[in-house]
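A short write-up of the structure that comes next.
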Amino acid sequence: MPYTAATVQLLSPEGTLVQRDANEQYIPYVDKLSDDALYEFHRHMVVMRRFDIEAANLQRQGQLALWIPSNGQEAAQVGSALAAKPQDHLFPAYREHVIARIRGVDPVTILAMLRGHSHGGWDPKEHNNFHLYTLVIGSQTLHATGYAMGINLDGMVGTGDPDKDTAVMVYFGDGSTSQGDVSEAMVFAASYQTPQVFFLQNNHWAISVPVSRQSRTPLYLRGEGFGIPSVQIDGNDVLASFAVTKANLDAARSGHGPSFIEALTYRMGAHTTSDDPSKYRHDSELEFWGQRDPITRFENFLRGRGASDTVFADIAAEGDDLAADIRKRITELEVPANSTMFDHVYSDPHPVMDAQRQALADFETSFEEGQ
Ligand SMILES: Cc1ncc(C[n+]2csc(CCOP(=O)(O)OP(=O)(O)O)c2C)c(N)n1
Ligand SMILES: [Mg+2]
């Protein structure tokens, strides 16, 4: 049982609201939510789980080189992403597909990268400040802290203007906390009181290494050690993820400095489609977390408030539509010319890239008849 008395949980695994004194500070954030807003939480979770299943199928059918499943982590991602304002900057690792979509990244853009059609780019400015996927474990925490230091210097914190004050949120995994980068990012965040939320998705595994090997203490206590106020939440509870993140982002934008959220969740699938988790983990663990599924508990909660079957049927249909749409569009993508690999190395033309592009062209031409 990973939860402790300190874990913030607003919604029980059965889908009922948890009454606890410690929850009082977060309840106002939930009370403000309309039925439509709550359905929106559910819609994002269900539709993106359907997307995730389709993407894994596409990989198995040879349409993608690799897939990185997010199945099981929907509540942590939806709650925290919907707590952010449009001007906030979000720095992901590589499993944050649900957040990407909420910030306006077309899922096909992510799939194109995993099909080998692109080197993985989008312009954060055109995608509600959703920064690039980062495969070098933990390095995005440094990017985020640096960016947050810049926001401080630009005077975009604590002005009292709700449309101007800006925060940064960085997503990282339990395994990445063993990287020096993450510790360095926290040192600088604490020293410079950056407007920043460290959002750790503790999905209990770093490929085949369990979180118990990464840390002898619960990971949220790491943040405290750096002087960063830290809290552990039930990451499969979308209401806790939303309310706690909103409170922390509000504090960051108002100039109260960084904070750290450890969201306890679980990676229900493989690390990637190149991994076979049955080699290193037991079914009993899957069963435990299956009973704490973020989507089932939220559906129970919504049904308890009177949501009709039609609501759930419409959301399921939207998931199927998205799955069909991405399958169609990914298979219709045109294969880019090999030479495009040189296009985005530098923003301006560069003589070395020009020489390499020419060398590739000459090499390809050498296969033509008569050469
Ligand atoms: C600097 C670095 N070291 C090692 C790797 C190989 N690697 C890729 S994913 C991963 C595990 C990361 O686990 P965690 O931070 O818990 O994130 P999760 O995959 O569970 O979301 C490792 C070690 C890498 N990509 N970068
Ligand atoms: Mg992990």
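The values are calculated or read from the model by the stated rules, or taken from the named source; none is laboratory data. Bear in mind the structure is a predicted one, so any value in this text is a computation, not a measurement. Glycine gets a Cβ as well: all are built from the backbone with ideal geometry, and neighbour counts include every protein chain shown.
Summary of values
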{"quantity": "Matching helices (runs of 4 or more DSSP H) fully within region 131-241 where at least 1 residues are more than 16 Å from ligand 1 (Cβ to nearest atom)", "calculated": "139-153, 180-192, 220-225"}
{"quantity": "Cross-chain or 6+ apart pairs with Cβ under 9 Å, region 258-271 first and more than 12 Å from ligand 2 (Cβ to nearest atom), then of a type in the set (S, T, N, Q) and assigned to a strand (DSSP E or B)", "calculated": "P258/Q196; S259/Q196; S259/S230; F260/S230; I261/S230; I261/Q232"}
{"quantity": "Among (1) surrounded by 24 or more Cβ atoms within 10 Å (Cβ to Cβ); (2) more than 16 Å from ligand 2 (Cβ to nearest atom); (3) of a type in the set (A, V, I, L, M); (4) assigned to a helix (DSSP H, G or I), the one test that L90 misses", "calculated": "(4)"}
{"quantity": "Selection within region 18-42 - in a helix (DSSP H, G or I) and charged (D, E, K, R)", "calculated": "D21, D31, D35, D36, E40"}
{"quantity": "Criterion violated by A76 - all others in (1) under 22 Å from T194 (Cα atoms); (2) buried (at least 22 other Cβ atoms within 10 Å of the Cβ); (3) in contact with a helix residue (DSSP H, G or I) (Cβ under 6 Å, 6 or more places away or on another chain) satisfied", "calculated": "(1)"}
{"quantity": "Given (1) over 13 Å from G257 (Cα atoms); (2) away from ligand 2 (no atom under 15 Å from the Cβ), number of the condition Y171 does not satisfy", "calculated": "(2)"}
{"quantity": "Per-region count, region 343-371, residues closer than 23 Å to G121 by Cβ and either in a loop (DSSP other than H, G, I, E, B) or in contact with a Cys (Cβ under 6 Å, 6 or more places away or on another chain) (or both)", "calculated": "8"}
{"quantity": "Single condition T340 does not satisfy, out of (1) surrounded by 12 or more Cβ atoms within 10 Å (Cβ to Cβ); (2) not in a helix (DSSP H, G or I)", "calculated": "(2)"}
{"quantity": "Pair list, Cβ < 6 Å and 6+ apart or interchain, from region 341-361 residues that are closer than 21 Å to G116 by Cα to residues that are of a type in the set (V, I, T)", "calculated": "M353/V345"}
{"quantity": "Residues being modelled with pLDDT of 95 or more and under 25 Å from E54 (Cα atoms) - total across region 114-139", "calculated": "9"}
{"quantity": "Single match in S212, S191, S259 (criterion: small (G, A, S) and in contact with a strand residue (DSSP E or B) (Cβ under 7 Å, 6 or more places away or on another chain))", "calculated": "S259"}
{"quantity": "Residue in region 262-277 that is within 20 Å of M186 (Cβ to Cβ), at pLDDT 95 or above and aliphatic (A, V, I, L, M) present", "calculated": "yes"}
{"quantity": "Residue in region 210-229 that is in contact with a helix residue (DSSP H, G or I) (Cβ under 7 Å, 6 or more places away or on another chain), under 23 Å from R20 (Cα atoms) and more than 12 Å from ligand 2 (Cβ to nearest atom) present", "calculated": "no"}
{"quantity": "Candidates A65, A76, A22, A55 - the one that is in contact with a strand residue (DSSP E or B) (Cβ under 9 Å, 6 or more places away or on another chain) and under 28 Å from E318 (Cα atoms)", "calculated": "A76"}
{"quantity": "Count - residues of region 1-17 that are part of a loop (DSSP other than H, G, I, E, B) and either crowded, with 16+ Cβ neighbours inside 10 Å or of a type in the set (S, T, Y) (or both)", "calculated": "10"}
{"quantity": "All helices (runs of 4 or more DSSP H) inside region 250-333 with 2 or more residues being within 16 Å of ligand 1 (Cβ to nearest atom)", "calculated": "283-290"}
{"quantity": "Given (1) in contact with an Asp or Glu (Cβ under 6 Å, 6 or more places away or on another chain); (2) assigned to a loop (DSSP other than H, G, I, E, B), index of the condition M45 fails", "calculated": "(2)"}
{"quantity": "Any chance F130 is in contact with a Lys or Arg (Cβ under 7 Å, 6 or more places away or on another chain) and buried (at least 17 other Cβ atoms within 10 Å of the Cβ)", "calculated": "yes"}
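A quick yes/no check of all residues on (1) modelled with pLDDT under 95; (2) surrounded by fewer than 23 Cβ atoms within 10 Å (Cβ to Cβ); (3) within 28 Å of R305 (Cβ to Cβ):
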| position | (1), (2), (3) |
| --- | --- |
| L38 | no, yes, yes |
| R43 | no, yes, yes |
| Q61 | no, yes, no |
| T109 | no, yes, no |
| T141 | no, no, no |
| T145 | no, no, no |
